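Inspection log for the structure reproduced underneath, given as structure tokens.
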Amino acid sequence: MRYRNAAGEIGGLRHVKPKNVSMIANPTDEQLAEQGMMRVAEQPSFDPSAKKVETIDGVEVDGEWVTWQIVDLTTDELNTRLQSEITQRTQQRLDQVAQAHGYDNILSACTYATSSIPRFATEGQYCIALRDSTWAALDQLLKDVEAGNRAAPSGFEEIEPELPVIDWPE
């Protein structure tokens, strides 16, 4: 728990209590008020995919000191987060394909494209083709959204069916 003293300092009880004053470990609001102190409000939980915390000048609300407010993300922030999530999930998809076949990630698998062992060369070439076609498809999808030719997807699950089909070579 954090507290605010009459001087406006915020911190643990030990650090913000008046000098030479003993305080019990869990003081009541009345005991705090007697010393010119109050509790600092904890941030409530919220959906970080749609909202964010902004710092504000402190204000007293219901006997607590509040130094934040929860606000909606702007359209640009929502779009940036969505694009980042889709990009990360696309990369994870590629890495998981390679990992399912014994490679560290898609990059590692691609390095086998010139292997002298036919199976590894085939798998490496497949991974290069899959990587390239996946990123080309995602790039086109994002360009179509930017140009207004399609609605922005709500998440990765919506666009995953539009990515190239995974058909690992046998």
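The values are calculated or read from the model by the stated rules, or taken from the named source; none is laboratory data. Nothing here was measured: the structure is a model prediction, and the numbers come from that model. Glycine gets a Cβ as well: all are built from the backbone with ideal geometry, and neighbour counts include every protein chain shown. Heads up: the accessible areas ignore ligands, DNA and RNA and are worked out on the full protein's heavy atoms, side chains in. Shrake-Rupley method; radii C 1.70, N 1.55, O 1.52, S 1.80 Å.
Quick notes on this one:
- For the stretch 1-113, accessible area per residue (1.4 Å probe, heavy atoms of protein chains only), Å²: 65
- Expected 222 nm ellipticity per residue - DSSP helices of 4 or more, -39500 (n - 2.57), all of the chain, to 500: -13500 deg cm²/dmol
- Of the GluC sites (Glu not before Pro) found in the stretch 1-102, the ones in coil according to DSSP and having at most 15 other Cβ atoms within 10 Å of their Cβ are E9, E42.
- Magnitude of the charge dipole, the chain, Cβ model with Lys/Arg +1 and Asp/Glu -1, debye to 20: 640
- For P(r) over Cα pairs in 5 Å bins from 0, in percent, the value calculated from this model appears in [x] 1, 7, 12, 12, 9, 7, 7, 7, 6, 7, 7, 7, 5, 3, 2, 1, 0; [y] 1, 9, 17, 21, 21, 18, 9, 3, 1, 0; [z] 1, 7, 12, 13, 11, 9, 8, 9, 9, 8, 6, 4, 2, 0 under label [x].
- The chain - percent of accessible surface contributed by carbon and sulfur, probe 1.4 Å: 49
- Selected from Q83, Q43, Q91 as most flexible by GNM, with the chain as the system and alpha-carbon contacts under 10 Å: Q43
- Annotation for the stretch 2-78: trypsin sites (Lys or Arg not before Pro) lying in DSSP loop with at most 10 further Cβ atoms inside 10 Å of their Cβ are K19.
- Degrees separating the helix 118-146 axis from the principal Cα axis of the chain, which is the longest one: 60
- Max mean-square fluctuation residue, GNM over the chain, Cα-Cα springs under 10 Å, options A147, A121, A98: A147
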